[in-house]
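Asker: This is the structure I have questions about; it appears just below.
The values are calculated or read from the model by the stated rules, or taken from the named source; none is laboratory data. Every value quoted in this text rests on a predicted model; they were computed, and no experiment measured them. Here Cβ is always computed from backbone atoms with ideal geometry, including for glycine, and neighbour counts include all displayed protein chains.
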Amino acid sequence: MQKDLTNNHAVKNNHYDYIISGAGCAGLSLLLRLLQSPALQEKKILVIDQDHKINNDRTWCFWEKETGFFENIVHHRWLQLQFKSENYSSQFSIEPYHYKMIRGIDLYEYAFALAKQFPNVEIKIEKVIDLHSDDHQAIVKTENNIYTTDYAFNSILFKKLTPTKNKYLLLQHFKGWMIETEKPCFDPAVATFMDFTVDQTRGTTFMYILPVSENKALVEYTMFTENILSSEEYDVELRKYILQKLKINEYKILHEEFGIIPMTNQKFVTNNGRIINIGTAGEQTKASSGFTFQFIQKQSDKVIDSLLKNKWPIQSKGFNEKKFRFYDSVLLNILVNKKMSGAKIFARIFQNSSSEAILKFLDNESDLLDDLEIIYSLPIKKFFIAAVQEISK
Ligand SMILES: Cc1cc2nc3c(=O)[nH]c(=O)nc-3n(C[C@H](O)[C@H](O)[C@H](O)COP(=O)(O)OP(=O)(O)OC[C@H]3O[C@@H](n4cnc5c(N)ncnc54)[C@H](O)[C@@H]3O)c2cc1C
């Protein structure tokens, strides 16, 4: 017979105000905000991850106008971006925005160093195998332990996403190399946001170049397709681009990163009782672009705001969120059904819209006027038909 968990002394000691399940971008962004909030920083908090988080496993880029929450760990920033395609290329200022880069390892170290100063925060390296909730608490099971909490903030995606009826699922997959050259080869003031002048026959494909000095840059081969490539295929494309387009013969690979980001309009379970899903698991990845970092920051701010007001930390979707989910579905409709290539769509947008309207639009921050600027840059008939198809689903 199963023990009554609430009468079990061991389990009572294992009760926390908050459990953060998954110590990646979303978990640690929330932890940092909890620890910086005088009213919440003394709460009993447990952070669980199966990984020690000691590798620089990803690089985040995002844009913002103001001095941001992570300003002291920004690794590099750019005020100029480049866009390249067969039909249209440009270099443009993004001011008042700054395009910022944060290295995964810097965020992990920063968050764990702060957590160490708080005796009320425990960090455990364990594999979470299940979360469930009753009216009073959430129960988090790991391979070796059971913990209970008032709220579990979970960023673990337990199930692999699979295609579902009437919904789109593309994968944004990429491999990046941080390369170092002997001679100066890059302009550290300009990042290449998208270079579509590469083979497009397998689907939307572009290179992303982030120079951090005159002789160091992260070069990423990125695709939006249904299936990923073999590791060697990314290597072939990276080598080819570096040699043929960047005209670099000799370089060292300092660091490598690989990622798969789901681009989907499938609905996620964002909360279940006292379990609140955050990050990608909490639907914070923008379906049409894969950008997630800033959405995670906004979600963390909202959670903290609710906790401070003693409110349930669950956000219902407002009109704005629904509007952008609809735009994302329309774009996925066009891409998945190959009605227009990603290269052409982005070329039209970059050619005909201001950088400010584009960045606001990609951040789900644009107003109706900005939206119209973007919409009018696109072939109206194609997008109108896709929009009608999405509305009638
Ligand atoms: C290589 C890469 C680069 C990216 N670059 C950008 C970018 O430039 N801009 C942007 O906006 N977005 C970017 N993204 C997308 C997104 O921002 C990141 O994926 C981000 O890390 C998502 O945060 P998260 O907390 O949801 O997930 P994660 O950061 O992946 O955190 C989930 C955590 O859960 C842990 N975990 C998983 N399973 C278990 C388990 N069973 N038990 C215990 N722990 C578990 C993992 O170890 C991990 O620490 C990138 C993604 C990748 C992969």
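Asker: What are the residues in region 273-292 that are part of a helix (DSSP H, G or I) and either within 7 Å of the ligand (Cβ to nearest atom) or over 14 Å from MET263 (Cα atoms) (or both), if any? Please lay out each step first, then the result.
Answerer: Of all residues in region 273-292, those part of a helix (DSSP H, G or I) come to 279-282.
Matches in region 273-292: GLY279, THR280, ALA281.
Asker: Okay, moving on. Tell me which residues, restricted to region 14-28, are surrounded by 24 or more Cβ atoms within 10 Å (Cβ to Cβ) and within 8 Å of the ligand (Cβ to nearest atom).
Answerer: SER21, GLY22, ALA23, CYS25, ALA26, GLY27, LEU28
Asker: Any residue at all in region 38-45 that's at pLDDT 95 or above, polar (S, T, N, Q), part of a loop (DSSP other than H, G, I, E, B) and surrounded by fewer than 19 Cβ atoms within 10 Å (Cβ to Cβ)?
Answerer: Yes, because at least one residue in region 38-45 is at pLDDT 95 or above, polar (S, T, N, Q), part of a loop (DSSP other than H, G, I, E, B) and surrounded by fewer than 19 Cβ atoms within 10 Å (Cβ to Cβ).
Asker: Here's a follow-up. Can you tell me which residue within region 144-198, out of those that are charged (D, E, K, R) and under 22 Å from ILE260 (Cα atoms), is nearest to the ligand (Cβ to nearest atom)?
Answerer: LYS175
Asker: Also, quick follow-up: Anything in region 285-297 that is touching a residue at least 40 places away in the same chain (Cβ under 8 Å), of a type in the set (S, T, N, Q) and under 13 Å from LEU362 (Cα atoms)? List them, or say none.
Answerer: Of everything in region 285-297, those that are touching a residue at least 40 places away in the same chain (Cβ under 8 Å), of a type in the set (S, T, N, Q) and under 13 Å from LEU362 (Cα atoms) turn out to be SER288, SER289, THR292, GLN294.
Asker: Still on this structure, please answer the following. Just name the residue that is nearest to the chain's Cα centre (by Cα) out of those in region 203-238 that are among the charged types (D, E, K, R) and surrounded by 13 or more Cβ atoms within 10 Å (Cβ to Cβ).
Answerer: GLU220
Asker: Kindly list, by first and then second residue, each pair from a residue in region 97-117 that is over 14 Å from LEU34 (Cβ atoms) to a residue that is in a helix (DSSP H, G or I) and modelled with pLDDT of 95 or more, limited to pairs with Cβ atoms under 6 Å and residues at least 6 apart or on different chains.
Answerer: TYR97/LEU359; ILE102/ILE73; ASP106/ILE73; TYR110/ILE73
Asker: Against the condition surrounded by fewer than 20 Cβ atoms within 10 Å (Cβ to Cβ) and either of a type in the set (A, V, I, L, M) or modelled with pLDDT of 95 or more (or both), how does SER306 come out, does it pass?
Answerer: The answer is yes for SER306.
Asker: Residue pairs, Cβ under 8 Å, 6 or more apart or interchain, first in region 44-68 and of a type outside the set (D, E, K, R), second within 6 Å of the ligand (Cβ to nearest atom) and assigned to a loop (DSSP other than H, G, I, E, B). List them.
Answerer: Close Cβ pairs (under 8 Å, with a partner that is within 6 Å of the ligand (Cβ to nearest atom) and assigned to a loop (DSSP other than H, G, I, E, B)) amount to VAL47/ALA23; ILE48/GLY22; ILE48/ALA23; GLN50/LYS127; PHE62/PHE291.
Asker: So MET223 ticks every box in (1) more than 24 Å from TRP312 (Cα to Cα); (2) part of a loop (DSSP other than H, G, I, E, B) but one. Which box is left unticked?
Answerer: Against the list (1) more than 24 Å from TRP312 (Cα to Cα); (2) part of a loop (DSSP other than H, G, I, E, B), MET223 comes up short only on (2).
Asker: Go through (1) under 17 Å from the mean Cα position of the chain (by Cα); (2) surrounded by fewer than 16 Cβ atoms within 10 Å (Cβ to Cβ); (3) modelled with pLDDT of 95 or more for LYS338 and report which single condition fails.
Answerer: Among (1) under 17 Å from the mean Cα position of the chain (by Cα); (2) surrounded by fewer than 16 Cβ atoms within 10 Å (Cβ to Cβ); (3) modelled with pLDDT of 95 or more, LYS338 violates only (1).
Asker: Another question, then. State whether one or more residues within region 104-116 are modelled with pLDDT of 95 or more, not assigned by TED's automatic domain parsing to the domain that holds PHE186 and not in a helix (DSSP H, G or I).
Answerer: no
Asker: If only one of LYS124, LYS141 is surrounded by fewer than 18 Cβ atoms within 10 Å (Cβ to Cβ), within 14 Å of the ligand (Cβ to nearest atom), in a strand (DSSP E or B) and touching a residue at least 60 places away in the same chain (Cβ under 8 Å), which one is it?
Answerer: LYS124
Asker: Go through (1) assigned to a strand (DSSP E or B); (2) out of contact with any Leu (no Cβ under 6 Å at 6 or more places or on another chain); (3) closer than 26 Å to LYS311 by Cβ for ARG33 and report which single condition fails.
Answerer: (1)
Asker: Cβ-Cβ below 6 Å, separation at least six or inter-chain, first residue in region 160-181 and closer than 15 Å to TYR234 by Cα, second of a type in the set (Gly, Ala, Ser) and within 16 Å of the ligand (Cβ to nearest atom): which pairs?
Answerer: GLN172/GLY290; PHE174/GLY259
Asker: Here is a further query. Take the residues in region 298-317 that are within 13 Å of the ligand (Cβ to nearest atom) and either free of Cβ contacts under 8 Å to residues at least 24 places away in the same chain or touching a Ser or Thr at 6+ places or on another chain (Cβ under 6 Å) (or both), then tell me which one is nearest to GLN137 (Cα to Cα).
Answerer: Ranking the candidates gives SER300 first.
Asker: Still on this structure, please answer the following. I'd like the full set of residues that are farther than 12 Å from ASN265 by Cα and surrounded by 20 or more Cβ atoms within 10 Å (Cβ to Cβ), limited to region 312-335.
Answerer: PRO313, ILE334, LEU335
Asker: Is it the case that GLU232 is of a type in the set (Asp, Glu) and more than 13 Å from the ligand (Cβ to nearest atom)?
Answerer: Details: of a type in the set (Asp, Glu): yes; more than 13 Å from the ligand (Cβ to nearest atom): yes.
So GLU232 fits the description; yes.
Asker: GLU257 passes all but one of (1) near the ligand (Cβ under 8 Å from one of its atoms); (2) among the acidic types (Asp, Glu); (3) not in a strand (DSSP E or B); which number fails?
Answerer: (3)
Asker: If you don't mind, there's one more thing I want to ask. Among the residues of region 287-305, is there at least one that is hydroxyl-bearing (Ser, Thr, Tyr) and over 18 Å from the mean Cα position of the chain (by Cα)? Show your work before the answer.
Answerer: Step one: filter region 287-305 for residues hydroxyl-bearing (Ser, Thr, Tyr), giving 288-289, 292, 300.
After this cut, where a residue has to be over 18 Å from the mean Cα position of the chain (by Cα) as well, the list is none.
Looking for residues that are hydroxyl-bearing (Ser, Thr, Tyr) and over 18 Å from the mean Cα position of the chain (by Cα), one finds none in region 287-305, hence no.
Asker: Please tell me if LYS339 is touching a Lys or Arg at 6+ places or on another chain (Cβ under 7 Å), not aliphatic (A, V, I, L, M) and not assigned by TED's automatic domain parsing to the domain that holds ILE275.
Answerer: On the way: touching a Lys or Arg at 6+ places or on another chain (Cβ under 7 Å): yes; not aliphatic (A, V, I, L, M): yes; not assigned by TED's automatic domain parsing to the domain that holds ILE275: yes.
So LYS339 passes the test.
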